[in-house]
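S.K.: What follows is a structure written as structure tokens; I'll ask about it next.
The values are calculated or read from the model by the stated rules, or taken from the named source; none is laboratory data. Just so we're clear, the structure is a prediction, and the values are computed from it rather than from any experiment. Every residue, glycine as well, gets a Cβ built from its backbone with ideal geometry; the counts of neighbours run over all protein chains shown. The area values use the complete protein model at the heavy-atom level, side chains included, leaving out ligands, DNA and RNA. Shrake-Rupley method; radii C 1.70, N 1.55, O 1.52, S 1.80 Å.
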Amino acid sequence: MNDLKKHLREYITDAGPILEKLKIQVEACRTETPGDDILDEIFRHLHSLKSGAAFFQLSEIEQHIHSMESLFADMKSAGGTRQFSAMSDRLYQGLPLLEDLILYRVLNSDGGSQEGESLFPDKALSEPKQGETIDLTLFEKQLLREAEDRGETLFRLCVQIDPEERLPYVRSYLLLNNLELHANVIRSQPSLDNPDQDFSSLTFILTSDAGDDPVFQAVNVDGILQTSLVSLDYSVFSDEDRGEARYSETLIKESLAPVIRKVELETDTISRLKDTLLEMKEIVLPLPSGLPQRVPLLGLIKEMEENLNTVSLIPLTSLYPNLKRFIEEAAVGINKKVVTEFRGGLFGLKIRTLEIVSRILIQLIRNAVSHGIEFPAERLAAGKSEAGLILIDARAVGDSFRIDVSDDGHGIDLEAVAGKLNMNAEDLKDENLLRILTRPGFTTSPKVDRLAGRGIGLDLVNHDVENSLGGSFSLTSRKGQGSRFSIYLPGQKDLLPLMIFQMENRLLALPKRNVAGVFPMEESEIVKKEHNLLYYKLSGSELPLFSPGGMLSRRQSSINTPYILVLQHLGRKAALAVDDLVMEKEVPRENFFLGEQKEPFLYEVTLSGEKADFLYLSPGLIG
């Protein structure tokens, strides 16, 4: 699955529960004024949704939440008055529209396509008639002139999205991102600035300095039903300075359903594949050491495990193109000039971690652009370059990761911070300063804009870093030189969840995903069937009773244990009579090794080079 689509899907998935919480919390505000902790949480929810909308350039959502935040700030100031209840009503009335914007319009773009551009075909991949002109803006014409001067080839690319694609706008956005990485995109139709359009088919005007190969590489993604690439003469667009326009085009390639080199894998699918490999290893390990197939099979299993480890983590660099665009647009929006530099970031993060990190980076970037970087005239007066610098430097440090977001602006205004607190600026060290800046509602900004000024951003960052990611957060700021926020994250361990229990006076462990449930044991529910085999009746089903040695029969000793553990494997279910439930434990897969087979389905376990105090029970016990 493409990185952008994963992030957008995560954003939409997370937005649902947040919106439900907002409804409950704002509804409560309509009858009484809650405590500051509830109000801070409402603001945190709104700000979190707005940060995600900004990252995905969902401007309508971002602007709507911005208005809600302004209303909420006034509402919070009016606490304990009649106005508080009235403002709560207005805020509550804005939530259904927000829900519609996030959960429905983004997922189900159904607007009509724009008309009036002769260059862009409607639904079919039809070709323009000879003599038609390409009606581009002056800026787009200038881009074409520059591309022609560089000797680049001009193309028109027509693409039809698969009708079964659930998120055509996201697929189109992915396609545009891919094209921008490989070519120079001049124009797209329909425009991706507005998600409320029909994205079943798209047309791109683009140039390339390496022929058509990069273009085909960019469109080689899933969800594309048909493509058509045509080479155009630069004179195809109208330009009075060039005299009478000529029209010349050559069909380069037309294809249906291009070959897909990428496969979408959800995180739980990867975990299941890894568990399957573990079971394969259980089968291979007991084979005689002299068997020629044993070593190659173990080698193949190890290679598959390594390959799955590569696809389960997404590099931080996948965020860089959108972050760069966000920085540029944020700076232009407040008349500042900023250049961006990225270093490192090749390490992989889990998708959920990556989504939170992207939210953190967006907020730190907002602060840097709004509060840190000076206006061009101020920078020139201070002897700096006209454009400020924002540097994102990410690297692995042992088993952990460090991400720095730095700017070369004027640094944090210690006098302003000290003035708000009635203290001396000399007493503000970096660590004390960070604790102050992350207080909910603290701000020194005299005005509120789309980027910052509400006193909630760094509080959100601190909450995400410490509570959501289990990391830490630091600040270094120097007057006239800039600021650096550093995020320290623990390593992204691939964990194997285990259920550890006591059975027949031994500690045993099972993969947690193979445990369907644990129930109190009721001896009256044990029934004997053919061949004296024992079954346990549970919720209308009769499950075969097992011990580590196999299925139990009446000839064995009576069963008197407090719990029944339901084991599931390959569509089968069985019951284990266990003495005690010890704990649930997550162990790093890279440190988990099966050792000597003690019994047909029991193995010794080595954790980080040391023998574990439990045995591993293979789910294959039940067939």
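S.K.: Can you name every residue in segment 276-311 that is among the charged types (D, E, K, R) and under 22 Å from Pro511 (Cβ atoms)?
M.R.: Result: Glu279, Lys281, Glu282, Lys302, Glu303, Glu305, Glu306.
Okay, residues lined up against (1) open to solvent by 60 Å² or more (accessible area, probe 1.4 Å); (2) modelled with pLDDT of 75 or more; (3) assigned to a helix (DSSP H, G or I):
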site: Ser109; (1), (2), (3): no, no, no
site: Ser118; (1), (2), (3): no, no, no
site: Glu140; (1), (2), (3): no, yes, yes
site: Leu154; (1), (2), (3): no, yes, no
site: Leu157; (1), (2), (3): no, yes, no
site: Gln160; (1), (2), (3): no, yes, no
site: Glu165; (1), (2), (3): no, no, no
site: Tyr169; (1), (2), (3): no, yes, yes
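S.K.: Just checking, does segment 374-385 include any residue being open to solvent by less than 20 Å² (accessible area, probe 1.4 Å) and either touching a helix residue (DSSP H, G or I) at 6+ places or on another chain (Cβ under 8 Å) or among the aliphatic types (A, V, I, L, M) (or both)?
M.R.: No, segment 374-385 contains no residue that is open to solvent by less than 20 Å² (accessible area, probe 1.4 Å) and either touching a helix residue (DSSP H, G or I) at 6+ places or on another chain (Cβ under 8 Å) or among the aliphatic types (A, V, I, L, M) (or both).
S.K.: Okay, moving on. On the basis of being at pLDDT 85 or above and charged (D, E, K, R), does Lys350 make the cut?
M.R.: Spelling it out, it is not the case that Lys350 is at pLDDT 85 or above and charged (D, E, K, R).
S.K.: Please give the number of the condition Arg352 fails out of (1) within 18 Å of the chain's Cα centre (by Cα); (2) within 14 Å of Ile327 (Cα to Cα).
M.R.: For Arg352, the exception is condition (2).
S.K.: If you don't mind, there's one more thing I want to ask. Scan segment 323-342 and report the pairs whose first residue is touching a residue at least 24 places away in the same chain (Cβ under 8 Å) and open to solvent by 50 Å² or more (accessible area, probe 1.4 Å) and whose second residue is assigned to a helix (DSSP H, G or I) and not acidic (Asp, Glu), with Cβ atoms within less than 6 Å and a gap of 6+ or a chain change.
M.R.: Filtered contacts from segment 323-342: Lys337/Pro376; Phe342/Tyr320.
Every residue, every condition in (1) open to solvent by 60 Å² or more (accessible area, probe 1.4 Å); (2) not aliphatic (A, V, I, L, M), yes or no:
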site: Leu534; (1), (2): no, no
site: Gly540; (1), (2): yes, yes
site: His569; (1), (2): no, yes
site: Lys585; (1), (2): yes, yes
site: Glu610; (1), (2): yes, yes
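S.K.: Just to be sure I understand, how many residues within segment 592-608 are in a loop (DSSP other than H, G, I, E, B) and surrounded by fewer than 18 Cβ atoms within 10 Å (Cβ to Cβ)?
M.R.: Counting residues in segment 592-608 that are in a loop (DSSP other than H, G, I, E, B) and surrounded by fewer than 18 Cβ atoms within 10 Å (Cβ to Cβ) gives 2.
S.K.: Hey, among the residues in segment 171-188 that are farther than 16 Å from Leu143 by Cβ and either part of a strand (DSSP E or B) or touching a helix residue (DSSP H, G or I) at 6+ places or on another chain (Cβ under 9 Å) (or both), which one's most open to solvent (accessible area, probe 1.4 Å)?
M.R.: Here the answer is Leu181.
S.K.: Does Glu542 qualify as being within 43 Å of the chain's Cα centre (by Cα) and over 29 Å from Pro288 (Cα atoms)?
M.R.: Judged against the criteria, Glu542 is a match.
S.K.: What is the number of the single condition among (1) open to solvent by less than 50 Å² (accessible area, probe 1.4 Å); (2) modelled with pLDDT of 90 or more that Phe519 does not meet?
M.R.: Tallying (1) open to solvent by less than 50 Å² (accessible area, probe 1.4 Å); (2) modelled with pLDDT of 90 or more, Phe519 fails exactly one: (1).
S.K.: Tell me whether segment 484-495 contains one or more residues that are open to solvent by 20 Å² or more (accessible area, probe 1.4 Å), out of contact with any Phe, Trp or Tyr (no Cβ under 9 Å at 6 or more places or on another chain) and at pLDDT 80 or above.
M.R.: yes
S.K.: Yes or no: segment 189-201 includes at least one residue that is crowded, with 21+ Cβ neighbours inside 10 Å and more than 21 Å from Asn322 (Cβ to Cβ).
M.R.: yes
S.K.: Now for a separate question. Quick one: which residue in Glu586, Glu596, Glu604 is in contact (Cβ under 8 Å) with a residue 40 or more places away in the chain and of a type in the set (Asp, Glu)?
M.R.: Exactly one of Glu586, Glu596, Glu604 is in contact (Cβ under 8 Å) with a residue 40 or more places away in the chain and of a type in the set (Asp, Glu), namely Glu586.
S.K.: Any residue at all in segment 58-81 that is on the phi > 0 side of the Ramachandran plot, crowded, with 16+ Cβ neighbours inside 10 Å and touching a helix residue (DSSP H, G or I) at 6+ places or on another chain (Cβ under 9 Å)?
M.R.: The answer is no; no qualifying residue exists.
S.K.: Would you mention how many residues in segment 549-567 are modelled with pLDDT of 90 or more and open to solvent by 60 Å² or more (accessible area, probe 1.4 Å)?
M.R.: Total satisfying the criteria: 2.
S.K.: Could you say which residue among Leu46, Leu97 is assigned to a helix (DSSP H, G or I), open to solvent by less than 10 Å² (accessible area, probe 1.4 Å), closer than 29 Å to Ser358 by Cβ and of a type in the set (A, V, I, L, M)?
M.R.: Leu46
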